[in-house]
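Q: Have a look at this one.
Laboratory data are not the source of any read-out in this text; all were calculated from the coordinates shown. Given the structure is predicted, the values throughout are model-derived calculations rather than measurements. In this analysis, Cβ positions are derived from the backbone assuming ideal geometry, glycine residues included, and neighbour counts consider all displayed protein chains.
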Amino acid sequence: MIYRALGNTGLKVSPIGLGLMRLPLAEGKQGYTSSRGADVEKSIELMRHAINSGINYFDTAFNYLHGESEKIVGKALQGGYRDKVILASKSPIWMINEPGQFDSLLEKQMGRMQTDHLDVYLLHCVTKKDWETHVLPNGVVERLVKAKEDGRVGHIGFSFHDTFDVFKEVCDYAPWDICQLQLNYLDREFQGGLTAANYAAQKGMGVIAMEPLRGGHLVNVPDKVRGTFASVDADRSPIEWAFDFLWDKPQISLLLSGMGTPAQIDENVAMAERAHVGMLSQEEQAVYETVATVFNSYPTIPCTGCNYCAGCPQNVTIPYNFQTYNQYILSGDMERAKWEYTTTIPLNGAQAGECIGCGQCEERCPQKIPISEWMPKIAALFE
């Protein structure tokens, strides 16, 4: 595996990092593992297997699994594993309403992870609203820089969900080391996209790609998409095509992927073993344009399953409702979709028809999806 420079940080990272927003669920539980209920022992086994397989970048956050993710990471990195991994977490900037809260949150996170420092610490989910409402008024960036100066944090940056103009403003504000962007072959210019990646890389920043599979949309692809890829290379899986799109680019240091089993880690590491800049031919690069055109002909909802919308007062399980709708749009299998809607969704929360249109979820959605408009449409389709 060829390890890559993380910008000008001096760190060398595996081409793929372990995203810890989702972890294996405890036996008998179903649903998004971005909720409570992770299987601690399986999760520890998973993380240690990743390290032993060559993955050296772990990405978690304050709110992942309602705080369980950081706690389980802390347990997994005992016994000498902490020194083998670049540990990254994120500050929940939307919770900071006074200057001192930044430091107390950082201390709490380090306590959860049983460490006296974080190798990478990012401002989480930066948007124009949170930047102007929580970050700037409370001197958050200045406190982040101080945390780097006193050794609590090794390298600083931000994850981002807004327009390129906002990205440029944030990027120019401080001497950042790293940025984290939503990037995949469909989201090439979404929320800054490759334009933002290029801008950051020119500043010497490490660029980390999140959502390389767009929340799973690029895994079980429609037959037309699969056939288009197969016309160039029939042996390459949709996941490989998605990862290769990012690994080919010199401005991207690594991509993050959630992996739920040791077998998935083995498969992804095998792909990463051949990853290198410039790995795609001109014909291979061109096929993504065709695939994007085919994909965009399907009116899917751009939900990535991040579950930031959790906390619906009606307990509507928004990502599951969207996932069921998207699977129907891509497959055309109404019988299967109705079964999922009437059988699986109620095991995890409420169906779309329970939505009251309060809009709380829309304020938290990084994808800016008009959720309250979609819910009655989904209910009308499946009920």
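Q: Using helices alone, what [θ] at 222 nm do you get for the chain, with -39,500 (n - 2.57) per DSSP H run of 4 or more residues, divided over all residues and rounded to the nearest 500? Write down the numbers at each step before the final one.
A: Numbers: 15 runs with 148 residues, N = 383.
Computed ellipticity for the chain at 222 nm equals -11500 deg cm²/dmol.
Q: Can you tell me what share of the DSSP beta bridges in the chain is antiparallel? A percent to the nearest 5 is fine. Write down the numbers at each step before the final one.
A: Numbers: 3 of 32 bridges.
Rounded to the nearest five, the antiparallel share is 10 percent.
Q: Once you've got the GNM for the chain with C-alpha springs shorter than 10 Å, pick whichever of Asn321, Asn268, Asn296 has the biggest mean-square fluctuation.
A: Asn296
Q: Anyone know which of Ala272, Ala196, Ala292 comes out most mobile in the 10 Å Cα GNM of the chain?
A: Greatest mean-square fluctuation among the candidates belongs to Ala292.
Q: Continuing with the same structure: Based on alpha-carbon centroids, what's the gap between the stretch 285-308 and the stretch 211-269 in Å, whole number please?
A: 13
Q: Quick one: which residues, 5 or more positions from Leu123 or on another chain, have an amide H under 5 Å from its amide H? H modelled 1.01 Å from N in the peptide plane, none for Pro or chain starts.
A: Under 5 Å from the amide H of Leu123: Ser91, Gly157, Phe158, Ser159.
Q: If contacts are Cα pairs under 8 angstrom and at least 6 residues apart, what is the relative contact order of the chain in percent? It would help to have the intermediate numbers written out before the result.
A: Numbers: 678 pairs, mean separation 60.4, N = 383.
Across the chain, relative contact order equals 16 percent.
Q: Through the Karplus equation 6.51 cos²θ - 1.76 cosθ + 1.60, θ set to phi - 60°, convert the phi angles of the stretch 267-276 into ³J(HN,Hα) values in whole Hz; use x for Gly and Pro.
A: Values per residue, Gly and Pro as x: 5, 5, 5, 4, 5, 5, 4, 9, 6, 7 Hz.
Q: Can you give me the long-range amide H partners of Gly17? Hydrogens built in the peptide plane at 1.01 Å from N, cutoff under 5 Å, separation of 5 or more residues or another chain.
A: Leu255, Leu256, Ser257
Q: Within a 10 angstrom radius of the beta carbon, how do His155, His117 rank from fewest other beta carbons to most?
A: Working: His155 23, His117 15.
Least crowded to most crowded, the residues run His117, His155.
Q: Next question, about the same structure. Cysteines without a disulfide-compatible partner in the chain, using Cβ under 4.7 Å as the rule?
A: If one checks each Cβ against the other cysteines of the chain, Cys125, Cys171, Cys179, Cys303, Cys306, Cys312, Cys355, Cys358, Cys365 turn up with nothing under 4.7 Å.
Q: Under 5 Å between amide H atoms, partner at least 5 residues away or on a different chain: which partners does Ala38 have, H built in plane at 1.01 Å?
A: Counting only residues 5 or more places away or on other chains, the set is Ala26.
Q: Considering only Gln182, Leu118, Asn52, whose Cα is most displaced toward the positive end of the charge dipole of the stretch 46-190, charges sitting on Cβ of Lys, Arg (+1) and Asp, Glu (-1)?
A: Going by the charge dipole, the pick is Asn52.
Q: May I pose another question? With a point put 7 Å past each Cα toward its Cβ, work out how far Thr133 is from Lys377 in nm, to one decimal.
A: 2.6
Q: With +1 on each Lys and Arg Cβ and -1 on each Asp and Glu Cβ, how big is the dipole of the stretch 318-382 about its Cα centre, in debye rounded to the nearest 20?
A: The calculated dipole for the stretch 318-382 is roughly 60 debye.
Q: Taking the Cβ of each residue in Leu118, Leu381 as the centre, tally the other Cβ atoms inside 10 Å and list the residues starting with the fewest.
A: Details: Leu118 24, Leu381 16.
By the 10 Å Cβ count, ascending: Leu381, Leu118.
Q: From the backbone phi of the stretch 121-136, what are the Karplus-calculated ³J(HN,Hα) couplings (6.51 cos²θ - 1.76 cosθ + 1.60, θ = phi - 60°) in whole Hz, Gly and Pro given as x?
A: Karplus-based 3J(HN,Hα) across the stretch 121-136 equals 9, 10, 6, 8, 6, 5, 10, 4, 4, 5, 4, 7, 8, 10, 6, 5 Hz.
Q: Now for a separate question. ³J(HN,Hα) across the stretch 193-207 via Karplus (A = 6.51, B = -1.76, C = 1.60, θ = phi - 60°), whole Hz, x for Gly/Pro?
A: x, 5, 4, 5, 4, 5, 4, 5, 4, 5, 8, x, 7, x, 10
Q: If you take the beta carbon distance between Cys358 and Gln264 as r and set R0 to 30 Å, what does 1/(1 + (r/R0)^6) give as a FRET efficiency, to the nearest 0.05? List each step's numbers first, then the result.
A: Details: r = 37 Å, r/R0 = 1.22.
Efficiency at R0 = 30 Å is approximately 0.25.
Q: Using unit Cβ charges (K, R positive; D, E negative) and no other charged atoms, how large, in debye to the nearest 20, is the dipole of the chain about its Cα centre? Before the final figure, lay out the partial values.
A: Values: 34 positive and 46 negative charges, 96 e Å.
Dipole magnitude for the chain comes out near 460 debye.
Q: To the nearest 0.05, what FRET efficiency results for Ser297 and Thr343 with a Förster distance of 30 Å applied to their C-beta separation? Please list the in-between numbers first.
A: On the way: r = 30 Å, r/R0 = 0.99.
The computed FRET efficiency comes out at 0.50.
Q: Could I ask something else about it? For the stretch 318-382, what's the relative contact order in percent, using C-alpha pairs closer than 8 Å and at least 6 residues apart? Could the numbers behind the result be given before it?
A: Working: 47 pairs, mean separation 20.5, N = 65.
Worked out over the stretch 318-382, it gives 31 percent.
Q: Say the cut-off is 30 Å between C-alpha atoms; which of Lys90/Lys338; Lys75/Lys146; Lys168/Lys368; Lys42/Lys338 go over it? List each step's numbers first, then the result.
A: Values: Lys90/Lys338 38 Å; Lys75/Lys146 28 Å; Lys168/Lys368 20 Å; Lys42/Lys338 32 Å.
Over 30 Å apart, Cα to Cα: Lys90/Lys338; Lys42/Lys338.
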